[in-house]
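The values are calculated or read from the model by the stated rules, or taken from the named source; none is laboratory data. Being a predicted model, the structure only gives us computed values, none of them experimental. With ideal geometry, Cβ positions are generated from the backbone for all residues, glycine too; neighbour counts draw on all protein chains shown. Surface accessibility is based on the protein's heavy atoms, side chains included, excluding ligands, DNA and RNA. Shrake-Rupley method; radii C 1.70, N 1.55, O 1.52, S 1.80 Å.
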Amino acid sequence: MLRVTKLRYGFPIGLFLFFYLDGILGAAFPRQLFSVPYSMSSYLVVLWLVFAVFFEDQIQIPLTIWAAIAGGLFDVYYTGIWGIFVFVFPIVVALTRACYKAFPINFLSGLLVYFIDITVICSLSYFGNLVVHMTTASFTDMMVDSLAPTLAYNLAAYVILYFPVQWLFNRLRN
């Protein structure tokens, strides 16, 4: 029972820290992240959710609920409107779980899954913004100016954080 309790409290704390870190990095490096015409989006909160799918093992975390909560907070805090991320984050968790069942997760296959996840997030966000007329950019412009830099940034974060977060989950599980 103690194992579940440590992860039960450790997971939301990590989610909050990664959510907060998204904002800190955006505020600390605005020129590097948002130089015209390119813009990178930090999805560290999604990275935490994806890592939770990879490392939760037999201990079940209600990730879909946490993803919806994180998506709602992400919408309100970072975009200023209640919208797409409250739905996209749970979709990404479901997609990650499906990929996890399709092939064994290790560092490289996890990197591929996270690549797919970020692509899905950016694409769904783009189409959602297109529907509500919050963007006029073409799909090609979005791929070159936003998706490519966002993938580079978030995949670098994955590479840097994979083993420390794996170690943390193992510590919380034991």
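Ignoring ligands, DNA and RNA, what accessible area per residue does the range 8-115 give at 1.4 Å, in Å²?
Ligands and nucleic acids excluded, the figure is 53 Å² per residue.
Relative to the longest principal axis of the chain, what angle (0 to 90°, nearest 10) does the C-alpha long axis of helix 85-102 take?
The two axes meet at around 50 degrees.
Between the range 152-172 and the range 51-87, what is the separation of their alpha carbon centroids in Å?
18 Å
Against the longest alpha carbon principal axis of the chain, how many degrees, from 0 to 90 and to the nearest 10, is the axis of helix 2-28 turned?
On a 0 to 90 degree scale, this one is about 20.
Report, to the nearest whole %, how much of the accessible area of the range 82-174 belongs to carbon and sulfur atoms, 1.4 Å probe, protein only.
Here carbon and sulfur together make up 74 percent of the probe-accessible area.
Enter the angle in degrees (range 0 to 90, nearest 10) between the Cα long axis of helix 107-131 and the first principal axis of the Cα atoms of the chain, meaning the one along which they spread out most.
That helix lies at roughly 40 degrees to the long axis.
With each run of n ≥ 4 DSSP H residues scored as -39500 (n - 2.57), what mean residue ellipticity at 222 nm is computed for the chain after dividing by its residue count and rounding to the nearest 500 deg cm²/dmol? All intermediate terms of the calculation are to be shown ahead of the outcome.
Working: 8 runs with 128 residues, N = 174.
Calculated mean residue ellipticity at 222 nm is -24500 deg cm²/dmol.
Using the charge dipole of the chain (Lys, Arg: +1 at Cβ; Asp, Glu: -1 at Cβ; taken about the Cα centre), state which of Ala98, Leu25, Pro12 has its Cα farthest towards the positive end.
Value computed over the given set: Pro12.
Hey, what do the phi angles of the range 158-166 turn into as Karplus ³J(HN,Hα) couplings, whole Hz, using 6.51/-1.76/1.60 and θ = phi - 60°, x for Gly and Pro?
4, 4, 6, 9, 4, 6, x, 6, 4
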